[in-house]
Amino acid sequence: MSDPRTTPSIFTRGAVDLGALRPASKPTPSAAGPAAGAAATPAAGPATGVPGGSPAAVIDVTEENFQTTVLQLSMTTPVILDFWADWCEPCKQLSPVLEKLAAEGGGSWVLGKVDVDANPRLAQALRVQGIPMVVAVVGGQLVEGFTGVLPEAEVRRYVDAVLKAGGVQVAPAEDPRMDAADDALMGGDLDEAEAAYRKILAETPQDRAAESGLAQVELYRRIEGVDPAAVLAKAAADPDDLDAQRLAADIEVLSGQAPEAYERLVAAVKRSAGEERDAVRKHLLSLFTVAGPDDPAVASARRALARALF
């Protein structure tokens, strides 16, 4: 989780020496070549959609092919790296969004999938602290990204920013009002962001993107100055402390663990009654608004909430 006021700019570069990320040396084949009957293994190279054509939208990145599939490719095409693992449930929420945007990109950028379990040296070199983690490489240089699950609109804005950093023309924003509000949010000016989102909602009521933005402002305000580890520990120690459960759910959402946050609050609904129960229910609905109605985890949690209430 990161505080919006302290999150580094995505244009912070050069923190990692990418040129040093090369595969470990391999034994040189003997002059006699491969053993009899053994099939020759083709040399690793950039993944392409067609022979000699443009890069594929999604490629698998490993320690062995990083030099060609990322560093060399990034000199002409921005590469966004998605660090994931099969056991990581939040990764299963974020990866489909990235893959969808990569397909929509039409070759303007490439999504590189990095399995951290299969490529520990690569994860260590790029300072992966938690997954899912997203960073980009443009012109051989690192462009910082984010950790955890973000709404699709914010992921799309990150991709657009990477493309602009790579000199790729990006279609103008459909709604400059929303751009200004989102910029204020990402810049940490919560008061300005709130005013901007409220203005949009006054002009276009039930604008889902503005509702989500306003819910994010409220979420960031609730977690300002808190110690995430202490909050989660307190919630674990006392399941009946509903204030602790609500704040712990906020921490989990910002840490890319939204399904766990929803499950926590549904359980709190089951254990509470009256005004306390309604407060937990409203808090959960506010977290649904952050994610947006199309999030499959929200749909599942809504069904669980309905069962808990009725």
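The values are calculated or read from the model by the stated rules, or taken from the named source; none is laboratory data. Just so it is clear, the model here is predicted, and its values are computed rather than measured. With ideal geometry, Cβ positions are generated from the backbone for all residues, glycine too; neighbour counts draw on all protein chains shown. Note: accessible area is taken over every heavy atom of the protein model, side chains too, but ligands, DNA and RNA are not part of it. Shrake-Rupley method; radii C 1.70, N 1.55, O 1.52, S 1.80 Å.
Of the numbered criteria (1) open to solvent by 20 Å² or more (accessible area, probe 1.4 Å); (2) modelled with pLDDT of 90 or more, the one residue 156 fails is (2). Within the stretch 286-300, restricting attention to residues that are open to solvent by 70 Å² or more (accessible area, probe 1.4 Å) and of a type outside the set (D, E, K, R), the residue that is nearest to residue 131 (Cα to Cα) is 296.
Against the list (1) over 30 Å from residue 244 (Cα atoms); (2) crowded, with 18+ Cβ neighbours inside 10 Å; (3) of a type in the set (Ser, Thr, Tyr), the condition residue 204 fails is (2). The number of residues in the stretch 70-122 that are farther than 28 Å from residue 291 by Cα and of a type in the set (A, V, I, L, M) comes to 6.
Conditions tested, residue by residue: (1) among the hydroxyl-bearing types (Ser, Thr, Tyr); (2) over 13 Å from the mean Cα position of the chain (by Cα); (3) crowded, with 18+ Cβ neighbours inside 10 Å; (4) closer than 15 Å to residue 136 by Cβ.
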{"site": "70", "(1), (2), (3), (4)": "no, yes, yes, yes"}
{"site": "74", "(1), (2), (3), (4)": "yes, yes, yes, yes"}
{"site": "82", "(1), (2), (3), (4)": "no, no, yes, yes"}
{"site": "85", "(1), (2), (3), (4)": "no, yes, no, no"}
{"site": "93", "(1), (2), (3), (4)": "no, no, yes, no"}
{"site": "98", "(1), (2), (3), (4)": "no, no, yes, yes"}
{"site": "101", "(1), (2), (3), (4)": "no, no, yes, yes"}
{"site": "104", "(1), (2), (3), (4)": "no, yes, no, no"}
{"site": "112", "(1), (2), (3), (4)": "no, yes, yes, yes"}
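The test for being part of a helix (DSSP H, G or I) and modelled with pLDDT under 90 does not hold for residue 191.
Exactly one residue among 259, 239 is open to solvent by 40 Å² or more (accessible area, probe 1.4 Å), at pLDDT 90 or above, in contact with an Asp or Glu (Cβ under 9 Å, 6 or more places away or on another chain) and under 25 Å from residue 90 (Cα atoms), and that residue is 259. Looking at the stretch 274-285, is at least one residue over 19 Å from residue 132 (Cβ atoms), open to solvent by less than 40 Å² (accessible area, probe 1.4 Å) and within 22 Å of the chain's Cα centre (by Cα)? For the stretch 274-285, residues over 19 Å from residue 132 (Cβ atoms), open to solvent by less than 40 Å² (accessible area, probe 1.4 Å) and within 22 Å of the chain's Cα centre (by Cα): present. Regarding residue 127, is this residue open to solvent by 40 Å² or more (accessible area, probe 1.4 Å), over 13 Å from the mean Cα position of the chain (by Cα) and under 17 Å from residue 148 (Cα atoms)? Yes.
Within the stretch 221-232, no residue that is within 14 Å of residue 255 (Cβ to Cβ) sits with its Cβ atom under 6 Å from a residue that is in a loop (DSSP other than H, G, I, E, B) and open to solvent by less than 50 Å² (accessible area, probe 1.4 Å) at 6+ positions apart or across chains.
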